[in-house]
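The structure appears right after this line, and notes come after that.
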Amino acid sequence: MADTKTLTLSVIKADVGSYTGHNRVHPDLMAKARECLHEAVTRGTLIDGQVMRCGDDINLIMTHRRGVEATEIHKLAWDTFMACTAVAKKLHLYGAGQDLLVDAFAGNVKGMGPGVAEMEFVERPSEPVVVFMADKCAPGAWNLPLYRIFADPFCNAGLVIDPKMHEGFDFVVLDLVKAASITLSCPAELYDLLMFIGAVNRYAIKQVRRHIDGEPAAVASTQKLAHIAGKYVGKDDPVMFVRAQAGLPGVGEVMEAFAFPHLVEGWNRGSHHGPLMPCRFEMANPTRFDGPPRVVAAGYQIADGKLIGPVDLFDDPAYDGARAKANEIAEYMRRHGPFQPHRLPLEDMEYTTMPAIMGRLKDRFRAE
Ligand code: 13P
Ligand code: 13P
Ligand code: MG
Ligand code: MG
């Protein structure tokens, strides 16, 4: 086990049933998850644990000293989601257990359905962290904001004026198809990085580290897709978290990246592009065409492993403009109906009737 200063923050999420349809997590599921984490704190498995939600996804935010991929922590998350699934089944909620892809826990939730963002780090005297949780979305959704936070001086002024950030950041980028990763250092390899991460359906930023000393700065939930590469099972509403201040981006510089509601994959049936709308906690109820996609931001100070917070960081009129813009973009995209680029390219759609249609009509194609 790690020394007492080394802390692990594990954010593990799953959709195990919701109401009405894919709109939001039922309060009974939230209560069950809180009960499970509370017991784990009492037993000493966790230092602290909180349960958050974004739309229909439950997010377990947990601190402990067992390191990343610790069996005990992953089992706790799995058992919690199983307990919530039982509640969801009783209430006949929609998609009960939808993100639990296998029947039995096998040591690690990676590849079993739940999304995982985990990082081990030495807690600083003051440790601000922002946890981002999204719904009706896909892992590549974090590429643009992570790029802006850690490589764009028009978003993060600290890249220019903070000596610890001036040497830039290293980005670990995962190839979702090949399940291989590459580390690219910015600003030196900035244009190489953009060639990859601009392709959000193929490459996803997994981790960001400060270049001068390798200090971990951000981590995103891409593991599930890495593990099931080759048999892609569709969209995974992602989570990520970012450490802030004192040689890392200020909280304001982190949040600035979300003032622009960029287009992401994952809206309706996981098969449409839409704008990522930054929401207050209680606004994360995607309804119009099951969307538009949402992101919430929970701010914490970590004190000896305890989670001081959450602060609802999008609860600020400064994001009213982004929300209005997202609604405007949503209307514009919806007017395309079943046409690309609102609908995803054929190979990226989560639902498709194409094989059946092609099977029926293939003989009617005539060579031109
Ligand atoms: P620190 O470098 O002390 O984190 O302050 C920077 C800041 O708050 C940027 O807004
Ligand atoms: P979730 O992935 O959030 O369950 O959404 C399913 C969907 O695509 C609803 O239209
Ligand atoms: Mg759902
Ligand atoms: Mg969801």
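The values are calculated or read from the model by the stated rules, or taken from the named source; none is laboratory data. Please read all numbers here as calculations on a predicted model, not as lab measurements. Note that we place each Cβ from the backbone using ideal geometry, even for glycine, and neighbour counts take in every protein chain shown.
The figures follow:
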read-out: Condition met for residue 333 (over 22 Å from residue 54 (Cα atoms) and crowded, with 19+ Cβ neighbours inside 10 Å); value: yes
read-out: Search result, residues across region 96-131 that are small (Gly, Ala, Ser) and surrounded by 15 or more Cβ atoms within 10 Å (Cβ to Cβ); value: 96, 97, 111, 113, 115, 117
read-out: Hits in region 4-54 - residues which are under 22 Å from residue 217 (Cα atoms), within 16 Å of the chain's Cα centre (by Cα) and either surrounded by fewer than 23 Cβ atoms within 10 Å (Cβ to Cβ) or within 16 Å of ligand 4 (Cβ to nearest atom) (or both); value: 11, 12, 13, 52
read-out: Test: residue 187 is buried (at least 22 other Cβ atoms within 10 Å of the Cβ) and either within 16 Å of ligand 1 (Cβ to nearest atom) or modelled with pLDDT of 95 or more (or both); value: no
read-out: Members of region 132-163 found to be surrounded by fewer than 24 Cβ atoms within 10 Å (Cβ to Cβ) and in contact with a Leu (Cβ under 7 Å, 6 or more places away or on another chain), listed by number; value: 151, 153
read-out: Qualifying residue in region 266-289 (condition: at pLDDT below 95 and buried (at least 23 other Cβ atoms within 10 Å of the Cβ)); value: yes
read-out: Criterion: touching a helix residue (DSSP H, G or I) at 6+ places or on another chain (Cβ under 8 Å), of a type in the set (Asp, Glu) and within 16 Å of ligand 3 (Cβ to nearest atom) - qualifying residue of 79, 99, 135, 56; value: 99
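Residue-wise test of (1) closer than 23 Å to residue 251 by Cα; (2) among the basic types (Lys, Arg); (3) within 16 Å of ligand 1 (Cβ to nearest atom); (4) under 18 Å from the mean Cα position of the chain (by Cα).
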{"residue": "160", "(1), (2), (3), (4)": "yes, no, yes, no"}
{"residue": "178", "(1), (2), (3), (4)": "no, yes, no, no"}
{"residue": "182", "(1), (2), (3), (4)": "no, no, no, no"}
{"residue": "192", "(1), (2), (3), (4)": "no, no, no, no"}
